[in-house]
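The values are calculated or read from the model by the stated rules, or taken from the named source; none is laboratory data. A quick note: this is a predicted structure, and the numbers were derived from the prediction, not measured. Note that each Cβ is placed from the backbone with ideal geometry, even for glycine, and that neighbours are counted across all protein chains shown.
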Amino acid sequence: MDTTSNGIDRAKAPKPALGTTPITGERYYSKAFAEREFEKMWTKVWLIAGLVEELPHANDYLTCEIGRESVLCVRGEDNRIRSFYNVCQHRGNRLVHNDRGNASNSTFACAYHGWRYDTQGTLRWVYCEEDFQQGTPCGRRNLIEIPCETWAGFIWYSLDEDVVPLREFLHPVAEQLDCYQMEKMKRTHWVTLEGDFNWKCVQDNFNESYHLPFVHPQAGLALDEHYSNCQFDLYPSGHCRMLMPGGGPNPERFEGSDEVIFKALKQELAFWEIDPEVFRGRTQELRTALQQRKRELGRKKGYDFSHYTDEQLTDHYHYTLFPNLSFSMKPDGCIFLRGNPHPTDPEKTIFDMWYLTLFPEGAKEYYSGSMRDWVSIESSAPHEVGKVGEVSCGPGIDQDVTIWASQQQGLRSRGFRGGYMPEQENRVRYFHESLDRYLAA
Ligand code: FES
Ligand SMILES: [Fe+2]
């Protein structure tokens, strides 16, 4: 099927058999468990290093970390992006210490004894080359290259030289998300937080919507969070998705007034030129009305929605990718959420929130409804870095972040006997079982 033109297939995935073993607290704080995760899982999967747009020119590079490893991604003079272990092959010094940059003279020079590598990883020059009895290291002791591919505007790498091709790893998510043309989106928010919780608290959280009425009480006015109207798909690859209706709350359960719904949807209704008064007493029709309006006015407002189905125009297509990524898709953007393990402390996580905006054609400034913020296509998002509470991830995600440290404290308690979860949290269970499969391999 040509998903680019037909939008996302909503076919329900067959439900996998799930176990019943409690998910215990120890996996959130044990150092031994974290070591096993690194050896058996983090070194076997595809991970995101950054955005292709961060390396527009030859010799542009970025570095990223996973556990204790640092990875160097660089666009070579042949225009190809490659990834390497960021380690000098002389005596192991870390080669590059900057996050981002352009390699001057197309060279990475080690600060210790001056060995120089080109941006395709080849060792080009060493001090006292004639003094190596075993022969010159140049051209032989090159940087160690690792698998590197791009998809959806992201640079992906893997520490497993035998890893399956990226699209195979991402199946069926890549095929489904192609229609969003994420490579055309711009990063308009970029926040990195260090928090006192295990990385799995993050992935667990985005694998369920059971917490919505309590952590995000305002959200239930603009979407139908009740599990009875949502679809959950658990794919054999370990990736999952959730389809949740937008355009207003669950009509059978909502007990507030029409006013409250109008207020929650105010910006969206105004942008799409819908008079809420017309829907007084029949707010359950707003979702379809929004879909129709987006079809009618999309072109005029600079959008090409022809790749989307009607549901994609209003609903929440939320993907959780194994091991640590979430893409929450909107018609005009994507929230990127990622919990990276701290290099040494399993009770800490480096959490990233990016908002990627699809600007309407010709627009320079755009009001992002999801972020409740004006964003500009011309200035790239500043990287805000801090501890929890020091920088904001936007109104919704801040509420999630606040919970995780509190959960970590309880997960560590002798009084926690393992989770006891409803069906609608199956993605949480499935995530842990997928992790266990890697650990057992
Ligand atoms: S460790 Fe890099 S040149 Fe010696
Ligand atoms: Fe949440």
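Could you please give the count of residues in segment 361-413 that are charged (D, E, K, R) and in a strand (DSSP E or B)? Walk me through it before giving the result.
The initial filter retains those residues of segment 361-413 that are charged (D, E, K, R), namely 361, 364-365, 372-373, 378, 384, 387, 390, 398, 400, 412.
Now drop any that are not in a strand (DSSP E or B), which leaves 365, 373, 384, 387.
So the answer is 4.
Only one residue in His113, His90, His97 is within 16 Å of ligand 1 (Cβ to nearest atom) and closer than 23 Å to Ser380 by Cα, so which one is that? First the steps, then the outcome.
On the way: His113 fails: closer than 23 Å to Ser380 by Cα; His90 fails: closer than 23 Å to Ser380 by Cα.
His97 is the lone residue from the list that is within 16 Å of ligand 1 (Cβ to nearest atom) and closer than 23 Å to Ser380 by Cα.
From the list Leu193, Leu243, Leu221, exactly one residue is crowded, with 19+ Cβ neighbours inside 10 Å, touching a residue at least 12 places away in the same chain (Cβ under 8 Å) and either of a type in the set (A, V, I, L, M) or more than 16 Å from ligand 2 (Cβ to nearest atom) (or both). Which is it?
Numbers: Leu243 fails: crowded, with 19+ Cβ neighbours inside 10 Å; Leu221 fails: crowded, with 19+ Cβ neighbours inside 10 Å.
Result: Leu193 is the single residue among Leu193, Leu243, Leu221 that is crowded, with 19+ Cβ neighbours inside 10 Å, touching a residue at least 12 places away in the same chain (Cβ under 8 Å) and either of a type in the set (A, V, I, L, M) or more than 16 Å from ligand 2 (Cβ to nearest atom) (or both).
Would you mind telling me which numbered condition in (1) without any contact (Cβ under 8 Å) to a residue 40 or more places away in the chain; (2) part of a helix (DSSP H, G or I); (3) loosely packed, with under 15 Cβ neighbours inside 10 Å Gln267 fails?
Checking Gln267 against (1) without any contact (Cβ under 8 Å) to a residue 40 or more places away in the chain; (2) part of a helix (DSSP H, G or I); (3) loosely packed, with under 15 Cβ neighbours inside 10 Å, the one that fails is (1).
Residue under question is Thr402, and the condition is that it be of a type in the set (Ser, Thr, Tyr), within 16 Å of ligand 2 (Cβ to nearest atom) and touching a residue at least 12 places away in the same chain (Cβ under 8 Å); does it hold?
Values: of a type in the set (Ser, Thr, Tyr): yes; within 16 Å of ligand 2 (Cβ to nearest atom): yes; touching a residue at least 12 places away in the same chain (Cβ under 8 Å): yes.
For Thr402, the condition - of a type in the set (Ser, Thr, Tyr), within 16 Å of ligand 2 (Cβ to nearest atom) and touching a residue at least 12 places away in the same chain (Cβ under 8 Å) - is met.
Of all residues in segment 389-399, count the ones that are away from ligand 2 (no atom under 15 Å from the Cβ) and of a type in the set (Val, Ile, Thr).
Total meeting the criteria: 1.
Taking strands (runs of 3 or more DSSP E) that do not extend beyond segment 102-141, which have at least 2 residues that are closer than 18 Å to Ser83 by Cα and within 36 Å of the chain's Cα centre (by Cα)?
Numbers: elements: 107-109, 116-118, 123-125.
Correct list: 107-109, 116-118.
Condition first: among the β-branched types (Val, Ile, Thr) and assigned to a strand (DSSP E or B). Now tell me which residues in segment 142-167 satisfy that. Quick ask: steps written out before the conclusion?
At the first step, the residues of segment 142-167 found to be among the β-branched types (Val, Ile, Thr) are 144, 146, 150, 155, 163-164.
Answer for segment 142-167, where residues must be among the β-branched types (Val, Ile, Thr) and assigned to a strand (DSSP E or B): Ile146, Thr150, Ile155.
Do you know which residues across segment 328-351 are outside any strand (DSSP E or B) and in contact (Cβ under 8 Å) with a residue 40 or more places away in the chain?
Initially, segment 328-351 is screened for residues outside any strand (DSSP E or B), giving 331-332, 342-348.
Within segment 328-351, His342, Pro343, Thr344, Pro346, Glu347, Lys348 meet the criteria.
Taking the criterion of being farther than 15 Å from Gly101 by Cα, of a type in the set (Val, Ile, Thr) and not in a loop (DSSP other than H, G, I, E, B), would at least one residue in segment 41-63 satisfy it?
Step one: filter segment 41-63 for residues farther than 15 Å from Gly101 by Cα, giving 41-48.
So of that shortlist, the ones also of a type in the set (Val, Ile, Thr) come out as 43, 45, 48.
Those left that are additionally not in a loop (DSSP other than H, G, I, E, B): 48.
Checked against the condition, which is being farther than 15 Å from Gly101 by Cα, of a type in the set (Val, Ile, Thr) and not in a loop (DSSP other than H, G, I, E, B), segment 41-63 yields at least one hit.
Is one or more of the residues making up segment 152-165 more than 31 Å from the chain's Cα centre (by Cα), exposed (fewer than 13 other Cβ atoms within 10 Å of the Cβ) and either charged (D, E, K, R) or not assigned by TED's automatic domain parsing to the domain that holds Trp354 (or both)?
Taking segment 152-165 as the starting set, the residues that turn out to be more than 31 Å from the chain's Cα centre (by Cα) are none.
Scanning segment 152-165, I find no residue that is more than 31 Å from the chain's Cα centre (by Cα), exposed (fewer than 13 other Cβ atoms within 10 Å of the Cβ) and either charged (D, E, K, R) or not assigned by TED's automatic domain parsing to the domain that holds Trp354 (or both), so the answer is no.
Among the numbered criteria (1) surrounded by fewer than 17 Cβ atoms within 10 Å (Cβ to Cβ); (2) modelled with pLDDT of 95 or more; (3) assigned to a loop (DSSP other than H, G, I, E, B), which one does Gly238 miss?
Unmet condition: (1).
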